[in-house]
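Participant: The structure that follows is given in the form of structure tokens.
The values are calculated or read from the model by the stated rules, or taken from the named source; none is laboratory data. Predicted model only: the values in this text are computed from it and were never measured. For neighbour counting, all protein chains shown are included, and Cβ atoms are generated from backbone atoms with ideal geometry for every residue, glycine included. Surface accessibility is based on the protein's heavy atoms, side chains included, excluding ligands, DNA and RNA. Shrake-Rupley method; radii C 1.70, N 1.55, O 1.52, S 1.80 Å.
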Amino acid sequence: MSKSGGQEMCNSELPRFLIGREGGESRELGDTIMRNISGHYGEEEDEDQSERQIVVGICSMMKKSKSKPMTEILERLCKFEYITVVIFPEEVILNEPVEKWPLCDCLISFHSKGFPLDKAVSYVKLRNPLLINDLNMQYFIQDRREVYRILQEEGIDLPRYAVLNRDPDRPEECNLVESEDHVEVNGEVFHKPFVEKPVSAEDHNVYIYYPTSAGGGSQRLFRKIGSRSSVYSPESTVRKTGSYIYEEFMPTDGTDVKVYTVGPDYAHAEARKSPALDGKVERDSEGKEIRYPVMLTAMEKLVARKVCLAFKQTVCGFDLLRANGHSFVCDVNGFSFVKNSMKYYDDCAKVLGNMVMRELAPQLHIPWSIPMEAEDIPIVPTTSGTMMELRCVIAVIRHGDRTPKQKMKMEVRNALFFELFEKYGGYKSGKLKLKKPKQLQEVLDIARQLLAELVLHNDCEIEEKKSKLEQLKTVLEMYGHFSGINRKVQLTYLPNGQPKASSEEEDALKEGPSLLLVLKWGGELTPAGRVQAEELGRAFRCMYPGGQGDYAGFPGCGLLRLHSTYRHDLKIYASDEGRVQMTAAAFAKGLLALEGELTPILVQMVKSANMNGLLDSDSDSLTDCQQRVKARLHEIMQKNKEFNEEDYSKLASTSSPSLVNSMGVIVNPVSTCDQVHTLIQSLTCQICKRLEDPKSADLQLYHSETLELMLQRWSKLERDFRMKNGRYDISKIPDIYDCVKYDTQHNSSLGLEDTLELFRLSRALADIIIPQEYGITKAEKLDIASAYCLPLVKKIQLDLQRTHEDEAVNKLHPLYSRGVMSPGRHVRTRLYFTSESHVHSLLNIFRYGGLLDEQKDEQWKQAMDYLSAVTELNYMTQIVIMLYEDNNKDPSSEERFHVELHFSPGVKGCKDEDNAPMGFGFRPASSENHEKQTDPGSLEDLSQDEPDRAVLTEPISIQRKSPLIRGRKAGSMEALSENNTSSRGLAYRIFPSTSRQSPEIKPSGLGAQCAGLFSASFPNLRDLARAPRKKPSSIRSLSSQTELLSMPAVKRFSVSYARHPTNGFEGCSLVPSIYPLETLHNSLSLKQVDEFLTTLCKNGSETQFKRLKSLSAMFESHSQPSIDVENLETPISTPVQNQPASQSLWYASGPPSTVSSAGPSSPSVAEPSSNFRFNSE
């Protein structure tokens, strides 16, 4: 093969590549080296073998061949002494016949929009160069059907899929049946969420359809336009023209992994935010999408090899979805380069150059040998110093502000209801829960049919009460549609009918079986609840390393960096209640600075945890202990006399000051109930008068409620609270408090009289009833708590244990991570969103389970006094467990891992400012650490990361008056400064005993930036303790510390009642602030906590195990994982004490921060039975 010599380069636009020479010198490509591609084509001349060059031709569209990555790689490729690069001009490719195309020995050619692939194939047949990427296979890559076929033939995991071919010649391949929450494609059923992809790989309009239970609609993906890659649409029906692939949606927690191969033995991987999440493309200062290199597992490297070889594409990009512990290939893109990675450019040019030389040097008699060098030197980051590194955050959080929950019970005997019960398998367990729109529509149809028959035939044999049927019909017809998350119907089989006990049941007892129909509605997350959850998510960022940084224009960037760089192992669980799931989605939106609708976030980020009773509880299935407790409560609260000492000892056996104070407000329970009933009657009268007023005809209340609906809920409470026998139904007190709290906050503009008095009295009653329903004595509280949240306790224990185990998945690649100072760092976050019952139960386990001895531990005693003064676990209550690691301690030492326990009672209620209990702030210093000296610089300060062009161009605007922020409390925050400079390299603790900081210590880091989020502003605690306060006669035995905690005179912080944003939220209700986290204890060891949780699980009573067995049987009948009760007693050793023998030397001596926390537990941990097993997520 010859080259065109002797002519000068006349195309000045071509890149002037450099060719490397011996000794490291380089020279520009001269006229004797680079052929003149605009001159004579196909002309051959004889040449000296010593001057022989291997010509690498680049045949692609100009936009691709002149791109920055291609230019960077070709410049490096030209440094090979014997390689010359020729770029085919676009006008030649498009307009000249292939015979006139430049000659080359090796061809890099790939298809893109407008490229004549047929001509390139003809050129290869004519000249037969060495092909880097096979051209014929590029036809297949343009058809997603062929891509999936090839992947399947190679045994590569891909999502379950079916192809819908709308081809007139093949009608058998076009069988589509669409239902509300699923489609059936050629017999294959896909439940929402599912993905709809056009069969053409050039068509990027991929749609994801969401289930009605998550809000419905679809996310529409497209090729990136500016800062958007997708948009949410309310459209829920699939496209009716064109051919598509339908596939199962993979829950990837909002991150995609893009893999780039250069030959079968090299793969580079990067994580980016999934375009389906909120459609916002994160770009750097140069406008490039922000991506971070991640490490592939051994299995993923094998997949990369298989893809490269199967499609015969040396340079090949494909997409990986990491879901449920597996990796699935969902797209193969063909020729694709990494953007903005100098290390990748070096590697790619080296691999390609060596490949070309290895294949062609022997044929052309070029003296060349493969250089022997390690291409992947393992670099292990190390840390020094004694500062703790955050390893794990576990939070159990109650849902946000909701509309009042409402319930109607009716006994039904009509055959239509029994047919419905049988149709959906109710006889298997004796219970049936109907939530899907189609199911609710069937119940509505039955109600309409029975009411129509009652109108036509007044004397017909329809036993169902007309008023109840009308209410059933009215509630199901609300909103004009079924969204699936705001109403549900439960049916329970009663073999002998229902015993008549309440005021609602008038008829005589009838024989024979019946069904108890319970209709539940309301309880939806309000716009205020969404704002609360989102704000709390933002505030949570500040607990993570680097949270103090003002990176990319907003605080809390440390967590965002951890998450986007794949160093944050985040899983969010929620119970199956709509309000809980939406709270979790709103929290995730704030935590990860996402945008747009909650539905896509809910589907991708939130896992439903209604398995093994993890976060759900069947409130209708009370334990024996709960039944006894409720009976005792009813008995005490029905006495028409003032509380005496005996009542105090019966009802307040734990001497909780909040309980004693409430009993002091009530004095006589029956007379207080009389007052409450009278106030409710007054309220309903006022609402009726408003309804008669023509001015109120179009009055719109909060969250689209009308005066009629408001009257309905209050009238129902008025009827139900006072029974026909004159006694009061105490179980209605929480509902009354719920309603008046809602109206006081959201509908105060109505100006209804006496609502504050009704609020005060119902709250005092609720402060007794609600916490005591979970047990009156300590033993009862533990018994009931274990029944509710034993599975959750077990899951928390596994979360803590698995944090420090040796797995290499989801680690950032240290070689490619420009601007990330500690690629080995990995933080595990588990968030559990649930209802009031689980929060009460978990808190009772920590309070009464024997974690620490109050007599021996002063900090724990103070924490218990604080919790006793908390009256209500309101919306957004949080219990947070944080695990830290001291890398300087021996791995087997008990001091290696350090646990902290924090708590917040959630949203601030009405009139709370005067009697808010006071804790000791967030992360106060513990006395044992007072004299310890800390060594600066052991942690990465993420705010000091090199910007690596990843500064967001559109900073998130955070309300300056966030509902969470309050003044700083001196002596509350352990500040961490993580830089090595002397001015900022201090790690210090301020003690509660100091009223002000020392002048020489400047606030910095987390303490300075975030104290407003997690601490309070109040005078020195010692001064407060001396303040005089009148002591009620019933609290004689309480300590002076308790007096301090329940003291109403001190305002802890100013409340900023900010109006919530109007973007998409109707109404202008006030959004109350949330109490900041208070530290209950900050010097626990992991061993202590692990042994406590193990003992708790072992000592479950027989009653609880029986209940779990019955749950197990029920779950098995629904093909869900069951609970093996026998293995709940298996003691689980603390992994830090027994390191696996098989670990490599670097792991045993290095810090565990260099390894990932995901994956199964290590061999040293005795796994619980496979039947009672939560995956490591």
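Participant: So which residues in region 752-775 are open to solvent by 10 Å² or more (accessible area, probe 1.4 Å) and under 17 Å from GLN627 (Cα atoms)?
Facilitator: Selection gives ILE770, PRO771, GLU773, TYR774.
Participant: Out of the residues in region 391-435 meeting the condition of being part of a strand (DSSP E or B) and basic (Lys, Arg), tell me which one is nearest to TYR573 (Cα to Cα).
Facilitator: At the first step, the residues of region 391-435 found to be part of a strand (DSSP E or B) are 391-398, 402, 405-412, 431-434.
Remaining after also requiring basic (Lys, Arg): 391, 398, 402, 405, 407, 409, 431, 433.
Numbers: ARG391: 19, ARG398: 12, ARG402: 19, LYS405: 22, LYS407: 26, LYS409: 30, LYS431: 25, LYS433: 21 Å.
The selected residue is ARG398.
Participant: Is it the case, given these coordinates, that GLN855 is surrounded by fewer than 20 Cβ atoms within 10 Å (Cβ to Cβ) and among the polar types (S, T, N, Q)? Give the derivation first.
Facilitator: Values: surrounded by fewer than 20 Cβ atoms within 10 Å (Cβ to Cβ): yes; among the polar types (S, T, N, Q): yes.
Spelling it out, GLN855 is indeed surrounded by fewer than 20 Cβ atoms within 10 Å (Cβ to Cβ) and among the polar types (S, T, N, Q).
Participant: Given (1) over 22 Å from SER227 (Cα atoms); (2) open to solvent by 50 Å² or more (accessible area, probe 1.4 Å); (3) not small (Gly, Ala, Ser), where does CYS348 come up short, assuming only one miss?
Facilitator: The failed condition is (2).
Participant: Would you confirm whether or not region 522-532 contains a residue that is surrounded by fewer than 24 Cβ atoms within 10 Å (Cβ to Cβ), modelled with pLDDT of 85 or more and assigned to a strand (DSSP E or B)?
Facilitator: yes
Participant: Still on this model: Have a look at SER749, SER715 and point out the one that is loosely packed, with under 14 Cβ neighbours inside 10 Å and either among the basic types (Lys, Arg) or in a helix (DSSP H, G or I) (or both). Break it down into steps so the answer makes sense when it comes.
Facilitator: Numbers: SER715 fails: loosely packed, with under 14 Cβ neighbours inside 10 Å.
Exactly one residue qualifies, and that residue is SER749.
Participant: Still on this structure, please answer the following. Need the failing condition index for ALA766 against (1) among the hydrophobic types (A, V, I, L, M, F, W, C); (2) farther than 22 Å from ARG402 by Cα; (3) in contact with a Pro (Cβ under 8 Å, 6 or more places away or on another chain), just the number.
Facilitator: Exception for ALA766: condition (2).
Participant: Report, ordered by the first and then the second residue, all pairs with beta carbons closer than 7 Å, sequence separation of six or more or different chains, a first member in region 59-73 that is of a type in the set (Val, Ile, Thr), and a second member that is surrounded by 15 or more Cβ atoms within 10 Å (Cβ to Cβ) and assigned to a helix (DSSP H, G or I).
Facilitator: Final answer for the pair search is ILE73/TYR345; ILE73/CYS348; ILE73/ALA349.
Participant: Just for helices (runs of 4 or more DSSP H) wholly inside region 59-133: which have at least 2 residues that are over 27 Å from GLN363 (Cα atoms) and out of contact with any helix residue (DSSP H, G or I) (no Cβ under 7 Å at 6 or more places or on another chain)?
Facilitator: Numbers: elements: 62-65, 68-77, 90-95, 117-127.
Of the helices (runs of 4 or more DSSP H) lying wholly inside region 59-133, those with at least 2 residues that are over 27 Å from GLN363 (Cα atoms) and out of contact with any helix residue (DSSP H, G or I) (no Cβ under 7 Å at 6 or more places or on another chain) span 62-65, 68-77, 90-95.
Participant: Identify, please: which residue in region 476-501 is modelled with pLDDT under 85 and of a type in the set (A, V, I, L, M, F, W, C) and is, among those, surrounded by the fewest Cβ atoms within 10 Å (Cβ to Cβ)?
Facilitator: Checked region 476-501; the qualifying residue surrounded by the fewest Cβ atoms within 10 Å (Cβ to Cβ) is ALA501.
Participant: Another question, if that's okay. When the residues of region 231-257 are narrowed to those that are modelled with pLDDT of 90 or more and of a type in the set (D, E, K, R), which ends up least open to solvent (accessible area, probe 1.4 Å)?
Facilitator: Residue satisfying both the conditions and the ranking: GLU247.
Participant: For region 410-427, what are the residues that are within 30 Å of ALA584 (Cβ to Cβ) and loosely packed, with under 15 Cβ neighbours inside 10 Å?
Facilitator: GLY425
Participant: Can you find even one residue in region 232-252 that is in contact with a Gly (Cβ under 9 Å, 6 or more places away or on another chain) and closer than 28 Å to ASN133 by Cβ? Steps first, answer last, please.
Facilitator: Taking region 232-252 and keeping what is in contact with a Gly (Cβ under 9 Å, 6 or more places away or on another chain), we get 232-236.
The next check asks that each one be closer than 28 Å to ASN133 by Cβ; those that pass are none.
The answer is no, given that none of the residues of region 232-252 is in contact with a Gly (Cβ under 9 Å, 6 or more places away or on another chain) and closer than 28 Å to ASN133 by Cβ.
Participant: Still on this model: I'd like the residue in region 258-274 that is crowded, with 22+ Cβ neighbours inside 10 Å and hydrophobic (A, V, I, L, M, F, W, C) and, out of all such residues, is modelled with the lowest pLDDT.
Facilitator: Among residues in region 258-274 that are crowded, with 22+ Cβ neighbours inside 10 Å and hydrophobic (A, V, I, L, M, F, W, C), the one modelled with the lowest pLDDT is ALA271.
Participant: Given region 229-344, what strands (runs of 3 or more DSSP E) lie entirely inside it while holding 3 or more residues that are over 30 Å from PRO168 (Cβ atoms) and β-branched (Val, Ile, Thr)? Before the answer, list the steps.
Facilitator: Numbers: elements: 244-248, 255-262, 267-273, 292-294, 315-323, 326-334.
Per the criteria, 255-262.
Participant: When you scan region 177-230, how many residues do you find that are surrounded by 16 or more Cβ atoms within 10 Å (Cβ to Cβ) and either touching a helix residue (DSSP H, G or I) at 6+ places or on another chain (Cβ under 9 Å) or within 18 Å of PRO251 (Cα to Cα) (or both)?
Facilitator: Looking only at that region, the number is 29.
Participant: Another question, if that's okay. Tally up the residues in region 67-100 that are of a type in the set (Lys, Arg) and touching a strand residue (DSSP E or B) at 6+ places or on another chain (Cβ under 8 Å), please. If you could, list the steps in order and put the result at the bottom.
Facilitator: First, the residues of region 67-100 that are of a type in the set (Lys, Arg): 68, 76, 79, 100.
Adding the requirement that they be touching a strand residue (DSSP E or B) at 6+ places or on another chain (Cβ under 8 Å) leaves 79.
Summing the residues that are of a type in the set (Lys, Arg) and touching a strand residue (DSSP E or B) at 6+ places or on another chain (Cβ under 8 Å) in region 67-100 gives 1.
Participant: If a residue counts only when it is at pLDDT 90 or above and exposed (fewer than 14 other Cβ atoms within 10 Å of the Cβ), which helices (runs of 4 or more DSSP H) contained entirely in region 631-712 have at least 3 such residues?
Facilitator: Values: elements: 645-651, 657-666, 669-692.
Answer list for region 631-712: 669-692.
Participant: If TYR788 meets every condition in (1) more than 18 Å from ILE687 (Cβ to Cβ); (2) surrounded by fewer than 23 Cβ atoms within 10 Å (Cβ to Cβ); (3) among the hydroxyl-bearing types (Ser, Thr, Tyr) apart from one, which number is that one?
Facilitator: (2)
Participant: For the condition more than 43 Å from the chain's Cα centre (by Cα) and within 24 Å of LEU309 (Cβ to Cβ), what is the one hit in LEU103, LEU117?
Facilitator: Values: LEU103 fails: within 24 Å of LEU309 (Cβ to Cβ).
Within the list LEU103, LEU117, the selection yields LEU117.
Participant: Does region 309-324 include one or more residues that are under 24 Å from TYR82 (Cβ atoms) and either within 36 Å of the chain's Cα centre (by Cα) or buried (at least 20 other Cβ atoms within 10 Å of the Cβ) (or both)? It would help to see each step written out before you state the result.
Facilitator: Going residue by residue through region 309-324, those that are under 24 Å from TYR82 (Cβ atoms) are 314-315.
Applying the additional criterion that residues be either within 36 Å of the chain's Cα centre (by Cα) or buried (at least 20 other Cβ atoms within 10 Å of the Cβ) (or both) yields 314-315.
Yes, region 309-324 contains at least one residue that is under 24 Å from TYR82 (Cβ atoms) and either within 36 Å of the chain's Cα centre (by Cα) or buried (at least 20 other Cβ atoms within 10 Å of the Cβ) (or both).
Participant: Another question, if that's okay. Can you find even one residue in region 721-733 that is polar (S, T, N, Q) and under 32 Å from the mean Cα position of the chain (by Cα)? Break it down stepwise before answering.
Facilitator: Taking region 721-733 and keeping what is polar (S, T, N, Q), we get 725, 731.
If we keep only those that are under 32 Å from the mean Cα position of the chain (by Cα) too, we end up with none.
No; the residues of region 721-733 include none that is polar (S, T, N, Q) and under 32 Å from the mean Cα position of the chain (by Cα).
Participant: Please determine whether any residue of region 606-618 is modelled with pLDDT of 85 or more and either under 34 Å from the mean Cα position of the chain (by Cα) or open to solvent by 20 Å² or more (accessible area, probe 1.4 Å) (or both).
Facilitator: Of all residues in region 606-618, those modelled with pLDDT of 85 or more come to 606.
If we keep only those that are either under 34 Å from the mean Cα position of the chain (by Cα) or open to solvent by 20 Å² or more (accessible area, probe 1.4 Å) (or both) too, we end up with 606.
Within region 606-618, one or more residues are modelled with pLDDT of 85 or more and either under 34 Å from the mean Cα position of the chain (by Cα) or open to solvent by 20 Å² or more (accessible area, probe 1.4 Å) (or both).
Participant: Where the second residue is assigned to a strand (DSSP E or B) and open to solvent by less than 10 Å² (accessible area, probe 1.4 Å) and the first is more than 18 Å from LEU798 (Cα to Cα) and aliphatic (A, V, I, L, M) and lies in region 390-401, which pairs have Cβ atoms under 6 Å and are six or more apart or on separate chains?
Facilitator: Once the first residue is more than 18 Å from LEU798 (Cα to Cα) and aliphatic (A, V, I, L, M) and sits in region 390-401, its partners that are assigned to a strand (DSSP E or B) and open to solvent by less than 10 Å² (accessible area, probe 1.4 Å) give ILE397/PHE833; ILE397/GLN878.
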